[in-house]
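Let me begin by presenting the structure, written as structure tokens, before commenting on it.
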Amino acid sequence: MTLDATTRVSCAYYNGSAAIPHNVQLSLYGDALSLVYLESEDPKEIYFPYSQCRYVKLEEQVFVYLQPSYASYLVVPVQHPLYLQLLSKISSGQTSWFQKLYKKNGVALFFAFLFTAAAVLFIGYKTVPPLLVKFIPVQEEIKWGNKIYESALSDKEIDSAATELVKKITEHYSMSSQYPIKVSVVNDTTVNAFAMPGGHIVIYSGIICAMKHPDELFALLGHEATHVNQRHSLQMMLTKITSSYLLSILTSDFNGLGSTLIGNADLLRELGYSRRLEAEADWKGQEIMIQNSVNPAGMTQLMEALQATYSDSGTWSFLRSHPVTKDRISESKKFSQQHAGSFNSLPVEQQTAWEALKELYPEKRNTKK
Amino acid sequence: MQYALRFLGKGFELFKIQLVNLLLQIVTLGLYYPWAKANTLQYLYSHTTLQDHPFAFTGTGKQMFKGFIKALLLMAIIFALAFFITFKFEPIWGILTLYLFLFLLMPLAIHGSYRYRMANTRWKGIRFGYTGDRQELIKLFFSGILLTIITFGIYGPWFYMKLRTYIIENVRMGDARFSYSGKGGDFFVMNLAGYFLSIFTLGIYIFWWQRDIFRFFINNTRMHRNDQLVSFTATATAGGFFSLLIGNFFIVLFTLGLGIPWAITRSLTFVANNIAIEGNISLDELEQQQEEFTDATGDDMADMLDFGFII
């Protein structure tokens, strides 16, 4: 070990066993510093490698901690002859990521941070939920969906007569090969319908009131069944969990992890699907209609009927989560034109059931207030 | 003699530390959190000085990462159990289980957190310590909670003061110990008055109320070594609290939260500048007496349960 510098100028050393300072002589070597007690009978040299040292500069002096435990330290005033040399030797040994970044310019750091945050949020949002969805088996999803269905509808009044009629109408309408689709009609004037993971579709009576033709019902069910088949609600839920986790990192709020889990438990009831998922549900829904020989134009009719209810009253929560845009209407028209042909008319039994259903929930225009 | 307590941290430096912390946390998807916490605590401790010597936080990211993983596993088990019960039985039982367990964890988190933080705080090389007993804290905690519930919250201030007394009286600085003499009744009356006066004055009294709380906490704390004594006196005024709180409010508001580090350093400077310390303990004679303690599980748990350090 080569001696780089030494000085007779003493500095104060706190050895960690008591709070009293000792005067020591400081010498700097290649990769360690050494101390010698000045008042001791036995002037033994003690070595401390720079890699173990760190320092804090406060006003006119620097506190050099000599061990990772911070037990012992040296107080070196700015005027000390070895001050600069000592600091440069210690800081060249600091190689952690934190130290490297901390030495960079503040503005550059800020933009690096913004860029990284945006990139991670975007990539996480795009890739994590579709990957996670693959890990959840269909059977589990169905079981889980049943539980959610029970708790979600515990405060709703199910219209069993209407539910039976819908079951009759859709007897030959196959919507899913993977999931047992079960439709329930809820007695509620809100224009609303939603699908749950695993196969439950809930229709509010308000939306039946808005319909004029059975094809519109088939269109609605095709649309909702697509949400089930494509596991949209699961995807949405995982997206929300992912994004709130990523956001909790940004705010360094680790309670976020706990509240993320709690906050998402009741999320399913107010699921709003994204536009991309809605568009997918529209055209895949129309495919289901074609496979069942139902005229896909029913989708367009349904959208137009729903749009008309906008002005009716305040009860259009379905439209809030499923906004009927011009795009959606024109897309569905385009689809119908491309798939024009002859379609089966409804068998008598089903037609009767439809009429009975409309008897229960006639169009609002006929029952004007 | 008088002792000088100062905080020398700068808002911009803290801002940079937190920026680097966030950057590394994002890249590691949050796993850097324990190291980030260590970086921040090390900065804040090392820029707080007593008699011109800084405090040191000796905890490391590695220790806190281990604690973090343990605390995370524990939380995961509790959540899994709660979900299991929700789906197997009634949702209400699941939620009750969740809150029951989180509740049970609270005294454990307080105990672990104090042991870890104190054992990893040094001043002039002398270690702090927390000598509280876990069983006793659990008993004190749950009997206090029970009484608070039975009395519809009226016992709350007494409970809070008992807890504070227990914790502070078990804090050691080398071979010196602390004591706390704030009584529940005084705390209750002070807060009751503060509450109603704040309402009557449309909130203006809040700054006086803050000053009173600060005074109550600081003036009731003492440090003892053998028969020597150090007392603490709050010198903060309502005007001081006004400019601190209003200033912080606008700093955070107009910077959309980016100014939080400045609000933190302003607050710590305010606290340090407004505590006068006087007594006859010779701090140079403090002796190393407290043990090492490196299990950070309790400290990480306290973070997850989202309650800060009480002192």
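Observations, loosely collected:
- Residue B:296 long-range amide H proximity, modeled H, under 5 Å: B:67
- Shape category assigned to chain B from the gyration tensor of Cα positions, a/c cut at 1.5: rounded
- Efficiency of FRET from Cβ geometry, residue B:189 and residue B:224, R₀ 22 Å, rounded to 0.05: 0.20
- According to the Kirkwood relation over distinct C-alpha pairs, the hydrodynamic radius of the protein assembly as shown is 30.4 Å.
- Residues of type lysines that residue A:182 reaches as a straight line, Cα spacing below 27 Å, ignoring anything fewer than 8 places off in the same chain: A:134, A:143, A:147, A:156, A:167, A:168, A:212, A:240, A:284, A:358, A:364, B:88
- Residue B:256 paired with residue B:197, simple spin-label distance in nm, labels 7 Å along Cα-to-beta-carbon: 4.0 nm
- Phi to ³J(HN,Hα) by Karplus 6.51 cos²θ - 1.76 cosθ + 1.60 over the range B:2-12, Hz, x for Gly, Pro: 9, 10, 9, 10, 9, 10, 10, x, 10, x, 5
- Considering only A:107, B:248, A:63, and ranking their Cα positions along the charge dipole of the protein assembly as shown that arises from unit charges at the beta-carbon of Lys, Arg, Asp and Glu, the one farthest toward the positive end is A:107.
- Alpha-carbon centroids, the range B:1-79 and the range A:52-73: separation in whole Å: 17 Å
- For the range A:63-78, Karplus couplings with θ = phi - 60° (6.51, -1.76, 1.60), whole Hz, Gly/Pro x: 9, 9, 7, 9, 9, x, 6, 6, 5, 10, 8, 10, 9, 10, x, 4
- Spin-label pair residue B:93/residue B:28, simplified geometry with 7 Å Cα→Cβ offset, distance in nm: 4.1 nm
- At R0 = 35 Å, FRET efficiency that the Cβ-Cβ distance of residue A:240 and residue A:158 yields, to 0.05: 0.80
- 24 Å tail of the calculated P(r), the range A:108-230, as % of Cα pairs: 41 percent
- Look at B:19, B:100 and count the other Cβ atoms within 10 Å of each Cβ; fewest to most, that gives B:100, B:19.
- The 3J(HN,Hα) values that the Karplus relation (6.51, -1.76, 1.60; θ = phi - 60°) gives for the range A:137-148 are, in residue order, x, 4, 4, 4, 4, 5, 4, 5, x, 4, 4, 5 Hz. Gly and Pro appear as x.
- Among the residues of B:80-91, the average count of other protein chain beta-carbon atoms within 10 Å of the residue beta-carbon is 2.
- Measuring how big chain A is from its alpha-carbon positions, Rg and Dmax come out at 35.8, 114 Å.
- Within straight-line cross-link reach of residue B:70, aspartates and glutamates at Cα separation under 17 Å, skipping those fewer than 8 residues along the same chain: B:295, B:299, B:300, B:303, B:306
- Other-chain or far-sequence residues with amide H under 5 Å of residue A:159's (modelled H): A:185, A:186, A:187
- This model, with +1 at the C-beta of Lys and Arg and -1 at the C-beta of Asp and Glu, gives the protein assembly as shown a dipole about its Cα centre of some 780 debye.
- Charged side chains reduced to their Cβ positions (Lys and Arg at +1, Asp and Glu at -1) give the range B:123-261 a dipole of some 280 debye around its Cα centre.
- Partners for residue B:183 among lysines (Cα-Cα distance below 23 Å; same-chain residues under 8 apart left out): B:139, B:162
Just so you know, all these numbers are worked out from the coordinates, no wet-lab data involved. Values in this document were obtained by computation on a predicted structure and should not be read as measured data. Cβ: placed from backbone, ideal geometry, glycine included. Neighbour counts: every protein chain shown.
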